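What follows is one structure encoded as structure tokens, with my remarks underneath.
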Amino acid sequence: MEQNTVTTNGCPDLSVQLGPLRLKNPVMSASGTFGYGEEYAGFFDLRRLGAVVVKGISLLPRAGNPAPRIVETPGGMMNAIGLENVGVERFVRLKLPFLRESGVPVIANIFGNTVEEYGELASRLDGEPGMSALEINVSCPNVKKGGMVFGTDPAMTAAVVRAVRAATTLPLVTKLTPNVTSISEVARAAEGAGSDMISCINTLAAMAVDVFSRRPRLANLIGGLSGPAVKPVALRCVYEVSRAVKCPVIGIGGIASPTDALEFLLVGASAVQVGTANFINPAVMVEILEGIERFARVEGLAELQSFIGSLDTSCLFPFSEDACSFIQSEIS
């Protein structure tokens, strides 16, 4: 990889361009793991982040699933929260003002049970001061199609994106489920329907049981697996999707360290979202950001953009353990 000289003031440029949206750095929260931002404001200045992605928002408030709805697993966790949220009206009235005043770019994750609901949500949030983009969660059941998940079918994904695109001028991110045969096909459908960006992946469908009680460990039986265990799957999905579409890709899945984030950027992600790791270390995103900056300094990168998608697959050879140890010690 050709290296550049760092800027004269010694600070690498970490800004990234996500279609029409420009962020000062590539680190943002993942929906559902950071509340509405205010919950973490006591740990660090939210303005240090590239953006805050709030927990999923529906037209009406949702109570979510009954407990137990979180289970720890080897290398991660499972959740079946059930998309509990305050609803769009209370979000705009009670949650958005704090985020707007914090000065951090805000991306609202939206979901619905029909195509029409997605469009209504987008229309309601369009033009709200402080909104920077919408992230469309297509990992939800379409009640008009017998509960089939929108994101498992390219045509249904495209229908949702078109409805949202027609209802708003805000930049659009489509968040894809990994529970499909070809995530690249779904990504192309979303891009073709008007999505400015793709984010992947959402959680993997999973379950856990207790052999002594002979009962499921989640009241909902099936939950979503996240955390370090899913990182290799997420990394593969980002690599494939970034080569299948022209729009920017945001990487999600098991990111808990600067090296994790850099791996996603290397295979083609233009930015990353940090999720489960926030539950373990509320300041982890700042640590990841600082590690990325240290890496850029060590590598002599004037701008992070030159590193994105620079994976060299032309010649595979064993890594130098000495070089890897040095880099790890510098960025960790």
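Bear in mind that the values in this text are calculations on the coordinates, not laboratory data. The structure displayed is predicted, hence computed values, not measured ones. Heads up, the Cβs are rebuilt from the backbone with ideal geometry, glycines too, and the neighbour counts pull from every protein chain shown.
Under 24 Å of direct C-alpha separation, and excluding same-chain neighbours fewer than eight residues apart, Lys231 reaches these lysines: Lys55, Lys175, Lys246. Only one residue of Tyr36, Gly82, Leu21 has its Cα farthest out toward the positive end of the dipole of region 1-141, where Lys and Arg carry +1 and Asp and Glu -1 on Cβ, and that residue is Tyr36. Within straight-line reach of Lys145, meaning a Cα separation under 14 Å, sit the following aspartates and glutamates at least 8 residues removed in sequence or on another chain: Glu116, Asp153. When you filter the chymotrypsin sites (Phe, Trp or Tyr not before Pro) in region 180-264 for DSSP loop state and at most 11 other Cβ atoms inside 10 Å of their Cβ, you are left with Phe212.
The spread of Cα positions in region 190-238, taken along each principal axis and listed from longest to shortest, comes to 49, 22, 11 Å. Projecting the Cα atoms of Ala167, Ala133, Met156 onto the dipole axis of region 127-216, where Lys and Arg carry +1 and Asp and Glu carry -1 at the beta carbon, places Met156 farthest toward the positive end. Between helix 115-125 and the chain there is an angle of about 60 degrees, using the helix long axis and the longest principal axis of the Cα atoms. Taking the Cα centre of the chain as origin and assigning +1 to Lys and Arg Cβ atoms and -1 to Asp and Glu Cβ atoms, the resulting dipole is close to 1100 debye. Counting neighbouring beta carbons within 10 Å and listing from fewest to most, the residues Glu101, Glu263, Glu120 come out as Glu101, Glu120, Glu263. Note on the chain: along the principal axes its Cα atoms extend 54, 53, 41 Å, ordered by decreasing extent. What area, in nm² and to one decimal, does the C-alpha convex hull of region 18-174 cast on average over all directions? If I average the Cα hull's projected area over directions, I get 10.1 nm².
Karplus-derived 3J(HN,Hα) values for region 171-188, using 6.51 cos²θ - 1.76 cosθ + 1.60 with θ = phi - 60°, are x, 10, 10, 10, 8, 9, 8, x, 7, 9, 6, 9, 5, 5, 5, 5, 4, 5 Hz; glycine and proline are entered as x. In this structure, the amide hydrogen of Glu135, modeled 1.01 Å from its nitrogen in the peptide plane, lies closer than 5 angstrom to those of Ala108, Asn109, Ile110, Val173, counting only residues at least 5 positions away or on a different chain. For region 157-305, the Kirkwood hydrodynamic radius comes to 16.7 Å, computed from all pairs of different C-alpha atoms. Note that region 297-311 has calculated 3J(HN,Hα) couplings of 5, 4, 7, x, 8, 6, 9, 5, 3, 5, 8, 4, x, 8, 4 Hz, one per residue in order, obtained from phi through the Karplus relation 6.51 cos²θ - 1.76 cosθ + 1.60 (θ = phi - 60°); glycine and proline are x. Here's the list of aspartates and glutamates a cross-link from Lys24 could span, going by alpha-carbon distance under 20 Å and ignoring same-chain residues fewer than 8 apart: Asp13, Asp45, Glu101, Glu135, Asp196, Asp260, Glu263, Glu287, Glu290, Glu293, Glu299, Glu303.
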